[in-house]
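Below is one structure; the comments refer to it alone.
The values are calculated or read from the model by the stated rules, or taken from the named source; none is laboratory data. A quick note: this is a predicted structure, and the numbers were derived from the prediction, not measured. No Cβ is skipped: glycine too gets one built from the backbone with ideal geometry, and neighbour counts run over all protein chains shown. Remember, those area values only see protein heavy atoms, side chains included, never the ligands or the DNA or RNA. Shrake-Rupley method; radii C 1.70, N 1.55, O 1.52, S 1.80 Å.
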Amino acid sequence: GGRRRDRRGLRRGRTQRPACGGGQKGRPGRRRRLAGAPGRGTLEKDKPPILGLIQRGGQVVMRMLANVQQKTIQPIIEAAVIKGARVHTDEYDIYARLPVWGYRHVTVCHARGEYARDDDGDGFCEIHVNTMEGTWSLLRSWLRPHRGISQEKLPLYLGFFEFVHNARRRGKALLGTLVAALVV
């Protein structure tokens with residue numbers, strides 16, 4: 001007898017909720033958002049644009065840009081990528097002049113839901129930008145503990161991340177590579 005209570009709680013059929021009206025106690029939670037406006041980054045919006053180039057299985061190059069224009073990215077691309085190389089990008093119009101600059105250019109259209117494409121039908125998606133997307137993810141998770149970096153120091157952080165990524169060593173093994181780079 002005594003154990004046979006209504007299993008829905010003491011409120012007889014009504015769902016249980018806090019008696020204080022169901023509202024939050026204390027102060028509201030913090031919103032974790034960027035200070036800048038949404039959209040493409042600019043230095044004025046406090047979201048500096050970063051150009052990233054990576055060779056599959058190879059080196060990465062990351063540079064903070066003053067603005068996102070073709071004349072800004074051209075010298076960086078020409079210094080890091082050999083002429084005639086095939087460059088994979090999304091369909092952002094800033095990359096439209098890559099063929100004129102001497103590169104073979106292929107794109108994926110994220111707007112159409114395309115993230116990888118198999119052009120020759122062998123079942124292997126040759127055209128994608130997932131290598132760079134994965135590197136952006138690594139960079140964000142590496143920067144997250146720093147909880148915001150000033151625009152003046154961001155190029156230093158990018159340079160160190162680039163060095164560590166290109167050294168391909170982690171933890172204590174990185175120390176020898178770092179010392180060797182400083183001695184030379």
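Go through LEU53, LEU65 for me and flag whichever is over 20 Å from GLU126 (Cβ atoms), modelled with pLDDT of 90 or more and open to solvent by less than 60 Å² (accessible area, probe 1.4 Å).
So the residue among LEU53, LEU65 that is over 20 Å from GLU126 (Cβ atoms), modelled with pLDDT of 90 or more and open to solvent by less than 60 Å² (accessible area, probe 1.4 Å) is LEU65.
Listed here are the residues, each with its yes/no results for (1) in contact with a helix residue (DSSP H, G or I) (Cβ under 8 Å, 6 or more places away or on another chain); (2) in a strand (DSSP E or B).
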{"site": "GLY58", "(1), (2)": "no, no"}
{"site": "THR72", "(1), (2)": "no, no"}
{"site": "THR89", "(1), (2)": "yes, yes"}
{"site": "TRP101", "(1), (2)": "yes, no"}
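Restricting attention to the range 73-85, which residues are surrounded by 12 or more Cβ atoms within 10 Å (Cβ to Cβ), more than 17 Å from ARG56 (Cβ to Cβ) and hydrophobic (A, V, I, L, M, F, W, C)?
Result: ILE73, ILE76.
For the range 153-167, does any single residue satisfy the condition of being more than 30 Å from LYS83 (Cα to Cα) and open to solvent by 60 Å² or more (accessible area, probe 1.4 Å)?
Checking the range 153-167: at least one residue is more than 30 Å from LYS83 (Cα to Cα) and open to solvent by 60 Å² or more (accessible area, probe 1.4 Å).
Look through the range 103-117, keep the residues that are modelled with pLDDT under 95 and open to solvent by less than 40 Å² (accessible area, probe 1.4 Å), and return whichever of them is farthest from the chain's Cα centre (by Cα).
Looking at the filtered set, the residue picked out is VAL106.
Starting from residues that are at pLDDT 95 or above and loosely packed, with under 14 Cβ neighbours inside 10 Å, keep the ones in the range 86-101 and report whichever is farthest from the chain's Cα centre (by Cα).
VAL100
Go over the candidates VAL183, VAL129 one by one and state the one that is of a type in the set (Val, Ile, Thr) and exposed (fewer than 14 other Cβ atoms within 10 Å of the Cβ).
Answer to the selection: VAL183.
Output the residues belonging to the range 127-172 that are in a loop (DSSP other than H, G, I, E, B) and touching a Phe, Trp or Tyr at 6+ places or on another chain (Cβ under 7 Å).
Answer for the range 127-172, where residues must be in a loop (DSSP other than H, G, I, E, B) and touching a Phe, Trp or Tyr at 6+ places or on another chain (Cβ under 7 Å): just ILE149.
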